[in-house]
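Reading through the structure tokens given below for one structure.
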2 protein chains.
Amino acid sequence: MASELVRIPARRGKATRLKRGQTIKIINTHGSQVVDTWAFVDGLMTEFMSMEHSRATHLKMVPAVGDALVTNKRRKILTLIDDRSSGVHDTLIAACDNERYGLLGCTEYHDNCTDNLAAALAELGLRPPETPSPLNLFMNIPWTSAGRLSFEEPKTKPGDYVVLRAEIDTVVAMSACPQDILPINGKSRQPTEAHFQVSDG
Amino acid sequence: MASELVRIPARRGKATRLKRGQTIKIINTHGSQVVDTWAFVDGLMTEFMSMEHSRATHLKMVPAVGDALVTNKRRKILTLIDDRSSGVHDTLIAACDNERYGLLGCTEYHDNCTDNLAAALAELGLRPPETPSPLNLFMNIPWTSAGRLSFEEPKTKPGDYVVLRAEIDTVVAMSACPQDILPINGKSRQPTEAHFQVSDG
């Protein structure tokens with residue numbers, strides 16, 4: 001049974017608990033919004049989804065349908081069970097933070113995914129032990145054979161989504177990335193809301 | 001002035017302090033040894049060299065001469081000032097750990113870079129706040145245009161080295177990776193010692 005559709009406001013974060021076997025559908029509502037996504041073992045926040053451990057397991061830069069993302073203790077935490085998008089996501093780039101926007105020229109505080117993670121978890125009475133490298137859903141960071149990277153517009157359309165299944169009781173946090181200086185959220189550089197929905201597997 | 005040549009024993013870790021401006025030369029003594037490398041801000045262990053923040057800064061998969069690696073707070077910590085190797089290093093793969101060897105079929109404890117980091121820091125009276133994703137010097141993880149990764153033999157020869165300069169007072173830790181199941185330390189699968197040398201810039 002699917003629960004209500006939950007809004008992740010533009011430039012903000014939101015977190016939810018998933019019981020083992022439950023799924024979460026994360027929706028690119030307006031078609032060009034990156035959603036930074038983290039997962040922590042419920043009750044053991046120091047164990048979390050790790051991009052560097054997952055890449056070593058899948059031997060892929062980006063997970064594909066059927067791949068389980070693993071924790072920093074090599075346990076399966078979330079499996080990508082459906083991907084109704086271009087399949088272009090990112091595992092290479094850190095969550096943005098206020099320092100990042102300072103380096104991009106901002107002279108005042110800028111909303112950022114690092115603070116959104118902390119705020120989203122705080123709503124559940126939790127604190128992140130740090131900011132793990134996120135699964136950046138819908139984020140388009142192409143690489144060249146020479147290893148050059150670039151920040152590009154998403155290859156998504158309104159309503160695109162992915163579905164992830166919890167392999168263990170998990171806290172999932174998401175941030176509708178507030179990046180409005182680079183075109184990572186589309187050439188209009190206008191961050192938008194996104195949505196998610198939890199279902200009973 | 002260069003200090004003594006310090007040995008990193010095969011399958012073990014070693015750490016050293018660097019004052020800002022000092023350099024460390026890390027040597028692939030026998031020619032096919034991966035050296036997992038970490039850097040922590042001296043006196044503030046929760047701020048450390050971060051591969052995901054560095055990739056976002058350089059826009060490169062692997063740092064090249066002249067690139068400064070940055071911390072999880074976006075501060076420059078180590079600059080790659082010389083690279084007398086093939087230039088093939090890795091920033092994508094987590095440090096090995098006992099869990100990893102279990103998944104590779106080991107039924108007993110296996111030496112690993114995660115425990116080597118902790119042991120190396122313990123010799124200086126320090127503890128890692130976690131195991132950051134390392135700069136895997138001399139490690140050959142090629143990628144394809146489709147994003148497939150593989151563990152391959154190093155592209156190095158005896159005596160190859162890199163030199164890193166501290167941009168801030170830093171604790172550098174290194175592990176001569178004990179991986180002997182995959183050919184990441186050469187096709188003989190025989191981990192060896194490596195060496196390092198600190199100099200006054």
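The values are calculated or read from the model by the stated rules, or taken from the named source; none is laboratory data. This is a predicted model, so every value here is computed, not measured. Counting neighbours? That spans all protein chains shown, and the Cβs are built from the backbone with ideal geometry, glycine included. These accessible areas exclude ligands, DNA and RNA; they are computed on the full protein's heavy atoms, side chains included. Shrake-Rupley method; radii C 1.70, N 1.55, O 1.52, S 1.80 Å.
Is there any pair linking a residue in segment A:70-93 that is closer than 24 Å to B:Asp97 by Cβ and assigned to a loop (DSSP other than H, G, I, E, B) to one that is at pLDDT below 95 and basic (Lys, Arg), with Cβ under 6 Å and at least six apart or on different chains, and which?
Matching pairs, first to second residue: none at all.
Taking strands (runs of 3 or more DSSP E) that fall entirely within segment A:121-189, which contain at least 2 residues that are buried (at least 19 other Cβ atoms within 10 Å of the Cβ), under 16 Å from the mean Cα position of the chain (by Cα) and within 14 Å of another protein chain (Cβ to nearest Cβ)?
Numbers: elements: A:135-137, A:160-166, A:170-176.
Those strands (runs of 3 or more DSSP E) span A:135-137.
Here is a list of conditions, (1) under 15 Å from the mean Cα position of the chain (by Cα); (2) of a type in the set (Val, Ile, Thr); (3) surrounded by fewer than 21 Cβ atoms within 10 Å (Cβ to Cβ), and A:Val6 meets all of them except one; can you say which number that is?
(1)
Quick one: in segment B:33-62, of everything that is open to solvent by 10 Å² or more (accessible area, probe 1.4 Å) and under 14 Å from the mean Cα position of the chain (by Cα), which residue is farthest from B:Thr170 (Cα to Cα)?
Checking each candidate, the answer is B:Val62.
Can you tell me which condition B:Ile93 does not meet? The list is (1) crowded, with 19+ Cβ neighbours inside 10 Å; (2) farther than 23 Å from A:Arg75 by Cβ, and all the others hold.
Evaluating B:Ile93 over (1) crowded, with 19+ Cβ neighbours inside 10 Å; (2) farther than 23 Å from A:Arg75 by Cβ leaves (2) as the failure.
Could you check segment B:59-69 and list, in sequence order, the residues that are facing another protein chain (nearest Cβ under 8 Å) and either of a type in the set (Asp, Glu) or not in a loop (DSSP other than H, G, I, E, B) (or both)? I'd like the intermediate steps shown before the answer.
Of all residues in segment B:59-69, those facing another protein chain (nearest Cβ under 8 Å) come to B:59-62.
Across segment B:59-69, the qualifying residue is only B:Lys60.
Regarding A:Asp115, is this residue among the charged types (D, E, K, R) and either at pLDDT below 95 or not in a loop (DSSP other than H, G, I, E, B) (or both)?
On the way: among the charged types (D, E, K, R): yes; either at pLDDT below 95 or not in a loop (DSSP other than H, G, I, E, B) (or both): yes.
Yes.
When segment A:94-115 is examined, which residues are found to be touching a strand residue (DSSP E or B) at 6+ places or on another chain (Cβ under 6 Å) and within 9 Å of chain B (Cβ to nearest Cβ)?
The first filter runs over segment A:94-115 and keeps only residues touching a strand residue (DSSP E or B) at 6+ places or on another chain (Cβ under 6 Å), leaving A:95, A:113.
A:Ala95, the sole residue that qualifies.
Residues that are open to solvent by less than 10 Å² (accessible area, probe 1.4 Å) and of a type outside the set (S, T, N, Q): does segment A:192-201 have at least one?
The initial filter retains those residues of segment A:192-201 that are open to solvent by less than 10 Å² (accessible area, probe 1.4 Å), namely A:194, A:196.
Still in the list and also of a type outside the set (S, T, N, Q): A:194, A:196.
Yes, because at least one residue in segment A:192-201 is open to solvent by less than 10 Å² (accessible area, probe 1.4 Å) and of a type outside the set (S, T, N, Q).
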